[in-house]
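Taking it in order: structure first as structure tokens, then the write-up.
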Amino acid sequence: MSMVSTAIDVQPYTSGWQSQWDDFVSCCPSGTFFHTTDWKTVIEKVFGYVPYYYFIESDGVIQGILPLFLVKKPLRGQVLISVPFGVYGGICADTVEVAEQLQRKGETLSHELRVDFLEFRHVEAIGGDLPIKELYFSFSREIFDGEEKNMMAIPRKQRRMVRQGINNELESKIGGKEFLKDFYQIYTASLRNLGTPAFPYRYFEALLDELGEGCKILTVWYQNQMAAAVMTFCYQDHLLPYYGGGLPQYLRYAVYDFMYWELMRYGWEHGYKVFDFGRSKQGTGAYDFKRHWGFEPKPLQYQYYLPNGGEVPNVSPTNPKFQPFISLWKKLPLSVANLIGPQVIKYLP
């Protein structure tokens with residue numbers, strides 16, 4: 001006997017569905033931290049993007065979700081992204097049928113809003129004929145129980161760098177807002193040196209306020225000076241180090257290697273099971289660094305809908321047309337970069 005679906009039409013999200021939405025995300029295999037309403041709240045509050053969140057339910061039980069934000073481009077045009085500033089995003093659904101229904105909703109909305117393109121930041125493609133762009137690779141690995149197992153899972157050369165940091169008598173401290181000011185100075189300096197605009201300070205304040213214990217700052221100290229720091233998201237049994245930086249004068253002490261080792265150590269001590277190193281582009285230093293830790297890259301299958309046809313956009317910093325801008329940004333005084341960076345970054349979600 002064939003089963004008859006009782007799913008109703010796609011509905012717009014309202015705050016009355018918040019708990020059901022987040023419960024669904026936590027249980028759905030494709031659900032991630034970036035699908036939660038906490039992320040929606042922060043992005044909406046800080047950047048002012050207009051959210052278009054939809055879901056399908058049956059008998060009061062959510063079967064699939066579609067989180068989208070409308071992002072205006074600097075001169076003209078606009079795009080839909082699921083979701084801004086997130087490694088992961090896109091459609092989460094219990095069945096292919098529900099996923100396809102949500103995809104059609106996104107496509108219809110793209111025409112209604114006259115956007116240039118719609119981007120689904122899927123980990124795995126949802127099928128259909130949407131083009132896939134494998135620009136980024138994700139890096140995740142199990143956090144083992146105990147120091148020796150985790151240390152031995154690190155390749156020998158990288159293990160030597162971790163021990164070098166330990167031998168340099170580096171110290172780590174983990175907390176929240178008490179470290180925010182110094183973290184921000186270190187992080188924005190690191191971004192400027194890479195030629196990348198900075199997020200506004202209020203963004204990190206909002207993350208700490210909204211996420212509570214789900215957001216922590218791990219700091220590394222050398223002779224009572226903060227040398228490096230990383231803001232990490234803690235979701236279910238996952239640790240996701242997301243925004244990190246280090247001062248160049250301390251890099252010879254292996255502060256980055258020590259920092260991520262200490263975060264991993266914090267993970268097994270507090271019951272976390274997965275260390276998610278986020279995404280990186282092949283051919284970059286970050287990509288190679290994560291490979292050196294023994295993490296295997298997995299291509300992220302971002303999918304696009306182009307309502308007006310054309311090619312999938314190339315908004316990667318590796319695009320040659322962005323190189324003059326990157327070179328110029330590296331030369332800016334830090335105070336100037338931090339002043340204008342937040343005005344630029346909102347167009348680069």
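Laboratory data are not the source of any read-out in this text; all were calculated from the coordinates shown. Predicted model, so just to flag it, every value in this text is computed and none were measured. Cβ: placed from backbone, ideal geometry, glycine included. Neighbour counts: every protein chain shown.
Data overview
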{"item": "Leading residue at positive end of dipole, region 138-297 (Cβ point charges), from L263, I143, G278", "result": "G278"}
{"item": "Separation of alpha-carbon centers, region 170-246 and region 11-53, rounded to whole Å", "result": "23 Å"}
{"item": "Ratio of the Cα radius of gyration of region 194-235 to 2.2 N^0.38 Å, where N counts its residues", "result": "1.36"}
{"item": "From the coordinates shown, Rg/Rh (Cα atoms, Kirkwood Rh) corresponds to which of [x] 0.97; [y] 1.03; [z] 1.00", "result": "[x]"}
{"item": "Karplus (6.51, -1.76, 1.60) ³J(HN,Hα), θ = phi - 60°, over region 189-198, in Hz, Gly and Pro reported as x", "result": "5, 5, 5, 4, 5, 8, x, 10, x, 9"}
{"item": "Loop-resident sites, region 286-349, for trypsin sites (Lys or Arg not before Pro), counting at most 10 other Cβ within 10 Å (DSSP)", "result": "K331"}
{"item": "Under-5 Å amide H pairs with Y243, H placed in peptide plane, nonlocal only", "result": "M231"}
{"item": "Convex hull of region 207-349 built on C-alpha atoms - directionally averaged projected area, nm²", "result": "12.0 nm²"}
{"item": "Under 28 Å, Cα to Cα: Lys pairs in region 138-297, sequence gap 8 or more or different chains", "result": "24"}
{"item": "Principal axis box of region 152-256, alpha-carbon based, largest edge first, Å", "result": "38, 32, 26"}
{"item": "Region 51-182: radius of gyration and largest Cα-Cα distance (Dmax), Å", "result": "21.4, 60"}
{"item": "Kirkwood hydrodynamic radius over Cα pairs of region 97-151, then Stokes diffusion coefficient at 4 °C and 1.567 mPa s, in µm²/s", "result": "89 µm²/s"}
{"item": "Region 30-98 - Debye-derived log10 I(q)/I(0), Cα point model, q = 0.13 Å⁻¹", "result": "-0.39"}
{"item": "Fraction of beta bridges assigned by DSSP in the chain that are antiparallel (%, nearest 5)", "result": "90 percent"}
{"item": "Relative contact order [Cα under 8 Å, 6+ residues apart], the chain, whole percent", "result": "21 percent"}
{"item": "Shape category assigned to region 290-349 from the gyration tensor of Cα positions, a/c cut at 1.5", "result": "oblate"}
{"item": "Note, ³J(HN,Hα) from phi for region 113-125, Karplus 6.51, -1.76, 1.60, rounded to Hz, x at Gly and Pro", "result": "8, 6, 8, 6, 7, 10, 10, 9, 8, 6, 6, 10, 4"}
{"item": "Cα-based reach from K45 at 17 Å (exclusive), listing lysines while leaving out same-chain residues under 8 positions away", "result": "K72, K346"}
{"item": "Ordering of 61-73, 115-127 by packing [mean C-beta count within 10 Å, highest first]", "result": "61-73, 115-127"}
{"item": "Convex hull volume per residue in cubic angstrom - Cα atoms of region 121-178", "result": "201 Å³"}
{"item": "Kirkwood Rh, angstrom, region 1-123 [1 / mean 1/r, Cα pairs]", "result": "14.7 Å"}
